[in-house]
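A.B. asks: This is the structure, below, for whatever I ask next.
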Amino acid sequence: MQTVQDVSALRAAIRGWRSKGETVGFVPTMGNLHAGHQSLIKLARARTERVVASVFVNPTQFGPNEDFERYPRTLVQDQAALADQDCDLLFAPDVGTIYPFGAEHSVSLRVPQITETLEGAHRPGHFDGVATVVCKLFNLVQPDIAVFGQKDFQQLKVIERMVRDLSLPVKVMAAPTLRAEDGLALSSRNQYLSPDERARAVLIYDTLSKMRELFLQGHAWRALEQVATSRLTRAGFAPDYAVIRRADDLAEPAEDQREGLVALIAARLGTTRLIDNLMFD
């Protein structure tokens, strides 16, 4: 696997593949890779002849008092993990490469409406940073397919909306959430949990599953949101939200809507903020 940091080397490698008629898959990451990331590489590998991954901790998607400085930088381990999945090229740029005029003076994208709720409401500006860096990376790599995990469900929908609105020539593919045996969604932030917190963290997925079960039994979605929030609070979580939304745009569903829904939870356990979701269909 080749590792490059500058744009000219990235484009030279991709130009060589394109000259042979090879398709390119892309998996953007912030590094500190786990089995969930590796599953994205595997999916891209199954769909395209060449696979590019990026490792870039993007400063513009972190808000005040968030964990940008302590976000793990594990490039050597990430290189080994990507090589194990037959990734062809790792693009590991520095901040100056992605933001040549500085992050604070960068052109910024805003995807309206879908970014103004849930994560967007609790992390103002977060999705502006996500949309901006993903668009920049798409322009640099120019992939045929880009793979994103469903665990970051709102992020996935924001990127889908951006690609469609800007008519970007890339197909966005969603990869299923990879989970531990007890159901906890794999996440780089799980490493911050104490042993006791790790044991309790599975309650998030358990609550999502219960929300879906009760909804399919005919319970109203508004009542289930209240039940889920109370359940998490009693267990020592500090929920930001535990909601049921339309999967296509994350708006509140009609009272009688029974299809196309997703449950989403974000909650703090100790100092760690965890998110997860579960489709109802």
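A.B. asks: Given the criterion buried (at least 21 other Cβ atoms within 10 Å of the Cβ) and touching a helix residue (DSSP H, G or I) at 6+ places or on another chain (Cβ under 9 Å), identify the matching residue among Val163, Val130, Val107. Before the answer, list the steps.
C.D. replies: Values: Val163 fails: buried (at least 21 other Cβ atoms within 10 Å of the Cβ); Val107 fails: buried (at least 21 other Cβ atoms within 10 Å of the Cβ).
Among Val163, Val130, Val107, only Val130 is buried (at least 21 other Cβ atoms within 10 Å of the Cβ) and touching a helix residue (DSSP H, G or I) at 6+ places or on another chain (Cβ under 9 Å).
A.B. asks: Is there any pair with a first residue in region 7-21 that is free of Cβ contacts under 8 Å to residues at least 12 places away in the same chain and a second that is of a type in the set (Asp, Glu) and surrounded by 14 or more Cβ atoms within 10 Å (Cβ to Cβ) whose Cβ atoms are under 8 Å apart and which are 6 or more apart or on different chains, and what are they?
C.D. replies: From region 7-21, no pairs qualify.
A.B. asks: Continuing with the same structure: Here is a check on your reading of the model: is Arg179 at pLDDT below 95, within 18 Å of the chain's Cα centre (by Cα) and among the basic types (Lys, Arg)?
C.D. replies: On the way: at pLDDT below 95: no; within 18 Å of the chain's Cα centre (by Cα): yes; among the basic types (Lys, Arg): yes.
No: the conditions fail for Arg179.
A.B. asks: Another question, then. Which of the residues belonging to region 84-104 are surrounded by 10 or more Cβ atoms within 10 Å (Cβ to Cβ) and acidic (Asp, Glu)?
C.D. replies: Those that are surrounded by 10 or more Cβ atoms within 10 Å (Cβ to Cβ) and acidic (Asp, Glu): Asp84, Asp86, Asp88, Asp94.
A.B. asks: Hey, another quick one. Determine whether Leu193 is under 22 Å from the mean Cα position of the chain (by Cα), touching a residue at least 60 places away in the same chain (Cβ under 8 Å) and not assigned by TED's automatic domain parsing to the domain that holds Phe68. Write out each step before concluding.
C.D. replies: On the way: under 22 Å from the mean Cα position of the chain (by Cα): yes; touching a residue at least 60 places away in the same chain (Cβ under 8 Å): yes; not assigned by TED's automatic domain parsing to the domain that holds Phe68: yes.
Against the criterion (under 22 Å from the mean Cα position of the chain (by Cα), touching a residue at least 60 places away in the same chain (Cβ under 8 Å) and not assigned by TED's automatic domain parsing to the domain that holds Phe68), Leu193 qualifies.
A.B. asks: Quick check: is even one residue across region 11-24 in the same structural domain as Lys171 (by TED's automatic domain parsing), more than 25 Å from Thr115 (Cβ to Cβ), within 22 Å of the chain's Cα centre (by Cα) and of a type in the set (Phe, Trp, Tyr)?
C.D. replies: Going residue by residue through region 11-24, those that are in the same structural domain as Lys171 (by TED's automatic domain parsing) are 11-24.
Then drop every residue that is not more than 25 Å from Thr115 (Cβ to Cβ), which leaves 11-24.
Going one step further and asking which of them are within 22 Å of the chain's Cα centre (by Cα), we end up with 24.
When the remaining residues are screened for being of a type in the set (Phe, Trp, Tyr), the result is none.
No, there is no match, as no residue in region 11-24 is in the same structural domain as Lys171 (by TED's automatic domain parsing), more than 25 Å from Thr115 (Cβ to Cβ), within 22 Å of the chain's Cα centre (by Cα) and of a type in the set (Phe, Trp, Tyr).
Table: residues versus (1) surrounded by 18 or more Cβ atoms within 10 Å (Cβ to Cβ); (2) outside the structural domain of Gln150 (by TED's automatic domain parsing); (3) part of a loop (DSSP other than H, G, I, E, B).
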position	(1), (2), (3)
His219	no, yes, yes
Ala223	no, yes, no
Ser230	no, yes, no
Thr233	no, yes, no
Arg245	yes, yes, no
Asp248	no, yes, yes
Ala251	no, yes, yes
Val262	yes, yes, no
Ile265	yes, yes, no
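A.B. asks: Return yes when Cys135 is in the same structural domain as Thr60 (by TED's automatic domain parsing) and touching a Leu at 6+ places or on another chain (Cβ under 6 Å) and no when it is not.
C.D. replies: On the way: in the same structural domain as Thr60 (by TED's automatic domain parsing): yes; touching a Leu at 6+ places or on another chain (Cβ under 6 Å): yes.
Considered against the rule, which asks whether it is in the same structural domain as Thr60 (by TED's automatic domain parsing) and touching a Leu at 6+ places or on another chain (Cβ under 6 Å), Cys135 comes out as yes.
A.B. asks: For region 93-127, which residues satisfy the criterion of being closer than 26 Å to Asp78 by Cβ and either part of a helix (DSSP H, G or I) or polar (S, T, N, Q) (or both)?
C.D. replies: The answer is Val95, Gly96, Thr97, Ile98, Ala103, Ser106, Glu119, His126, Phe127.
A.B. asks: Just name the residue that is surrounded by the most Cβ atoms within 10 Å (Cβ to Cβ) out of those in region 1-32 that are in contact with an Asp or Glu (Cβ under 8 Å, 6 or more places away or on another chain), assigned to a loop (DSSP other than H, G, I, E, B) and not charged (D, E, K, R).
C.D. replies: Gly31
The values are calculated or read from the model by the stated rules, or taken from the named source; none is laboratory data. The shown structure was predicted, so the numbers you read here are calculated from the model rather than taken from an experiment. Methodologically, a virtual Cβ is constructed for each residue, glycine included, from the backbone with ideal geometry; neighbour enumeration extends over all protein chains shown.
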